[in-house]
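Written below as structure tokens is the structure these notes are about.
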């Protein structure tokens with residue numbers, strides 16, 4: 001059995017004679033090296049699309065070979081890593097080789113109020129405090145509304161003079177609770193100790 005003839009490409013990029021050539025395939029979109037194979041070329045035929053007869057260099061640690069502009073390059077490989085937008089703090093998963101996308105950082109923000117300083121996340125204390133106060137105001141309104149729904153029937157019974165002594169005592173406890181909630185200073189948020197609801 002005779003060995004298969006190894007061929008090379010002529011200056012026109014076509015096989016000068018029929019035979020086998022080692023080719024190196026790459027992804028047409030990312031340029032990522034996808035593997036090598038021996039391809040049989042008939043005389044006058046070129047290599048398949050998205051391949052080259054130039055062997056890629058051995059990948060360095062943390063890098064991958066990418067074919068771009070007619071040559072192999074070593075690019076950083078962060079695929080699968082999560083980075084964070086420096087404007088929205090939203091996580092972004094990296095799917096392509098290369099540097100980290102513009103406007104992202106691998107550093108995770110600690111709070112929803114972090115602002116990118118150019119080198120690190122800094123918590124915007126004023127915005128964080130304003131949000132905590134807003135949340136506390138909403139919680140205060142919710143607690144008062146809940147208490148009012150509990151006491152509504154008793155208040156009507158009290159006005160009509162038909163409330164029982166037990167319900168009157170409960171109404172008093174709930175009204176004192178409402179007063180205590182109303183007295184809470186929400187500007188201290190998030191360090192607020194809410195009054196305990198009556199049983």
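The values are calculated or read from the model by the stated rules, or taken from the named source; none is laboratory data. Since we're looking at a predicted model, the values are computed, not measured. Backbone-built Cβ (ideal geometry, glycine too); neighbour counts: all protein chains shown.
Somewhere in the range 45-61, is a residue more than 30 Å from residue 105 (Cα to Cα), under 35 Å from the mean Cα position of the chain (by Cα) and either buried (at least 18 other Cβ atoms within 10 Å of the Cβ) or at pLDDT 90 or above (or both)?
yes
Which fully enclosed strands (runs of 3 or more DSSP E) of the range 34-97 have 1 or more residues being within 30 Å of residue 7 (Cβ to Cβ)?
Passing ranges, in order: 63-68, 71-76.
Which residue is farthest from the chain's Cα centre (by Cα), if the candidates are limited to the range 147-158 and must be exposed (fewer than 14 other Cβ atoms within 10 Å of the Cβ) and without any contact (Cβ under 8 Å) to a residue 24 or more places away in the chain?
156
Do we find that residue 125 is exposed (fewer than 11 other Cβ atoms within 10 Å of the Cβ), under 30 Å from residue 188 (Cα atoms) and either in contact with a strand residue (DSSP E or B) (Cβ under 7 Å, 6 or more places away or on another chain) or without any contact (Cβ under 8 Å) to a residue 40 or more places away in the chain (or both) in this structure?
Criteria met by residue 125.
Condition test on residue 118, is it assigned to a loop (DSSP other than H, G, I, E, B), out of contact with any strand residue (DSSP E or B) (no Cβ under 9 Å at 6 or more places or on another chain) and modelled with pLDDT under 95?
So residue 118 passes the test.
Those residues that are without any contact (Cβ under 8 Å) to a residue 24 or more places away in the chain and either more than 21 Å from residue 32 (Cα to Cα) or surrounded by 12 or more Cβ atoms within 10 Å (Cβ to Cβ) (or both), I need them from the range 88-97; list them, please.
Scanning the range 88-97 gives 88, 90, 91, 92, 94.
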